[in-house]
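Here is the structure we will look at.
The values are calculated or read from the model by the stated rules, or taken from the named source; none is laboratory data. These numbers come from a predicted model, not from an experiment. Neighbour counts run over all protein chains shown; Cβ positions are idealised from the backbone, glycine included.
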Amino acid sequence: MRQQVLVLYLATSALDSDVVGWSRYDGTGRTRPTTGDSDEPPYPTGLAALQDGWRLFQASQLLPPQPGHEYDVSFLKHEFFFEKVEDGSRP
Amino acid sequence: MSTSKQLLTSVQVARFVAQGFLRLDGVVPQEINERAIEALTEGLPDVAYGTPLGGAFAPDTFVHELLDLPVVAGAVESLVGPEPTVDHHAVHVREPHEGQAQPLHGDAIIDVRPDAFDIQLMYYPHEVTAEMGGTLSVPGSHLRRINETDVGRVQNLRGQTRLTCPAGTVVLVHHGIWHGGRRNDTAHRRFMYKIRLNPTVPQVRLWDVSDLHDPAVTAELNTYFPWYEWATGRLEIYNRVLLWRALTGDDSFDVEYWATRVSNRPTLRSHA
């Protein structure tokens, strides 16, 4: 069993909103995704990833801003982790 | 070498405040580029932290000549003022077929100064093609409060810049910009020279302010980037307004009504 992981960063907390960022990690070893390797996201929305067979296994929580830091900007807030699990051994 | 400086306009500085970088394509003469490649191949001597820039590099070095170019000197002075100090400098090399990119990161440590910033000058002495792993940078990321590679999980963002440029290109970046060296898929080494400069004066109206009230200034500061979440994008504008107020000394400046609205707290005396 090998896991492929897709991380999508979305424009809002809604899973069907637009993808604004993305990362790939490939446990099968067939591909080597890395930083800055593509300018177009693999899916237009999070929902489109579900429709292509990716399984959602984590979504970022909705956390209120800490008092005094309401206007701070930091990490992208709407982070969704998906997986595909494949049978078979590493090539 | 001429010492006359070409100061930036208000519109250019506003673009820097919005994007976090200023790009000067092909501004360095080929003669300096060739000497730079030789020097970068051999390595550079260290410069002690805090050394005044004016005395840090001998006149016959490529670094001195690079920073003395009117277009470069003017941009540097417009952003960090006269007589900045050298934080550090370094040669960055992306080796041929090295297989891995740097993770996305901000340099040094988290740095949230509201009214001051350092700049980093990135200089590319040779042409950078798409396959050579030109620096990845994320426009409008410089005000995000993250510490170094903590953001390394993020590989790609809509609207990111994968630098390709002609020889002799200089990019000046705000200290907080998210960036990383991309994977070099060619058989050639890719060089970049980077020097970080610290201001020694308040960074207030250091540029040519004759166009300060040009509507294009506000338009630059109101730029949304494709990777912004809808809600957080508004906070980006708000934070730019605060930085622009600090850089201009104008506490009434706003874009639309973002900062004014949330600071409006009438008191009984206001009706007196």
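With respect to the numbered conditions (1) surrounded by fewer than 17 Cβ atoms within 10 Å (Cβ to Cβ); (2) more than 14 Å from every other protein chain (Cβ to nearest Cβ), which one is the sole condition not fulfilled by B:TRP230?
Single failed check for B:TRP230: (2).
If you scan the stretch B:99-115, which residues turn out to be in contact with a Lys or Arg (Cβ under 7 Å, 6 or more places away or on another chain) and either loosely packed, with under 12 Cβ neighbours inside 10 Å or in contact (Cβ under 8 Å) with a residue 60 or more places away in the chain (or both)?
Result: B:GLY99, B:GLN100, B:ALA101, B:VAL112.
Quick one: which residue in B:ARG182, B:ARG196, B:ARG145 is within 26 Å of B:GLU95 (Cβ to Cβ) and part of a loop (DSSP other than H, G, I, E, B)? Break it down stepwise before answering.
Details: B:ARG196 fails: part of a loop (DSSP other than H, G, I, E, B); B:ARG145 fails: within 26 Å of B:GLU95 (Cβ to Cβ).
On inspection, the qualifying residue turns out to be B:ARG182.
In the list B:ARG261, B:ARG189, B:ARG183, B:ARG196, which residue meets the criterion of being surrounded by 14 or more Cβ atoms within 10 Å (Cβ to Cβ) and modelled with pLDDT of 95 or more? Full working, then the answer.
Numbers: B:ARG261 fails: surrounded by 14 or more Cβ atoms within 10 Å (Cβ to Cβ); B:ARG189 fails: modelled with pLDDT of 95 or more; B:ARG183 fails: modelled with pLDDT of 95 or more.
It is B:ARG196.
Across the stretch A:13-38, which residue is farthest from A:HIS78 (Cα to Cα) among those that are within 7 Å of another protein chain (Cβ to nearest Cβ) and either among the aromatic types (Phe, Trp, Tyr) or loosely packed, with under 15 Cβ neighbours inside 10 Å (or both)?
Filtering first and then ranking leaves A:SER38.
How many residues are under 14 Å from the mean Cα position of the chain (by Cα), more than 14 Å from chain A (Cβ to nearest Cβ) and of a type in the set (A, V, I, L, M, F, W, C) when one looks only at the stretch B:176-209?
The qualifying residues number 2.
Quick check: is even one residue across the stretch B:152-159 in contact with a helix residue (DSSP H, G or I) (Cβ under 9 Å, 6 or more places away or on another chain) and in a strand (DSSP E or B)? Show your work before the answer.
Residues of the stretch B:152-159 in contact with a helix residue (DSSP H, G or I) (Cβ under 9 Å, 6 or more places away or on another chain): none.
No, the stretch B:152-159 contains no residue that is in contact with a helix residue (DSSP H, G or I) (Cβ under 9 Å, 6 or more places away or on another chain) and in a strand (DSSP E or B).
Out of (1) in a loop (DSSP other than H, G, I, E, B); (2) over 22 Å from B:ILE119 (Cα atoms), what's the single condition that is false for B:VAL201?
If we test B:VAL201 against (1) in a loop (DSSP other than H, G, I, E, B); (2) over 22 Å from B:ILE119 (Cα atoms), just (2) comes out false.
Taking only pairs six or more apart or across chains, which ones have beta-carbon atoms under 6 Å, a first residue in the stretch A:27-53 that is under 22 Å from B:GLY152 (Cβ atoms) and in contact (Cβ under 8 Å) with a residue 24 or more places away in the chain, and a second residue that is outside any strand (DSSP E or B) and of a type in the set (D, E, K, R)?
Filtered contacts from the stretch A:27-53: A:GLY29/A:ARG90.
Kindly indicate whether B:SER78 is in a loop (DSSP other than H, G, I, E, B), of a type in the set (Ser, Thr, Tyr) and more than 24 Å from B:THR164 (Cα to Cα).
no
Take the residues in the stretch B:239-261 that are more than 14 Å from chain A (Cβ to nearest Cβ) and in a helix (DSSP H, G or I); name whichever of them is farthest from B:PRO82 (Cα to Cα).
The extreme case among them is B:TRP244.
Answer yes or no as to whether A:ASP16 is in contact with a Ser or Thr (Cβ under 8 Å, 6 or more places away or on another chain), among the acidic types (Asp, Glu) and part of a loop (DSSP other than H, G, I, E, B).
So A:ASP16 passes the test.
So which of B:ALA101, B:ALA48, B:ALA18, B:ALA58 ends up being in a loop (DSSP other than H, G, I, E, B), of a type in the set (A, V, I, L, M) and within 14 Å of chain A (Cβ to nearest Cβ)?
Every option except B:ALA101 fails the conditions.
Taking the stated definitions as given, is B:GLU236 out of contact with any Phe, Trp or Tyr (no Cβ under 8 Å at 6 or more places or on another chain) and assigned to a helix (DSSP H, G or I)?
Against the criterion (out of contact with any Phe, Trp or Tyr (no Cβ under 8 Å at 6 or more places or on another chain) and assigned to a helix (DSSP H, G or I)), B:GLU236 does not qualify.
Here are some residues: B:ARG234, B:ARG265. Which one is closer than 19 Å to B:GLY20 by Cβ and basic (Lys, Arg)? Quick ask: steps written out before the conclusion?
Details: B:ARG265 fails: closer than 19 Å to B:GLY20 by Cβ.
None of the other options fit; the residue is B:ARG234.
Quick grid of which residues meet (1) modelled with pLDDT under 95; (2) surrounded by 15 or more Cβ atoms within 10 Å (Cβ to Cβ); (3) outside any loop (DSSP other than H, G, I, E, B):
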site	(1), (2), (3)
A:PRO42	no, yes, no
A:GLN61	no, no, no
A:PRO64	no, no, no
A:LYS84	no, yes, yes
A:SER89	yes, no, no
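Among the residues of the stretch B:124-152, what is the count of those that are closer than 20 Å to B:ALA75 by Cα, under 12 Å from the mean Cα position of the chain (by Cα) and of a type outside the set (Gly, Ala, Ser)?
Here the count works out to 2.
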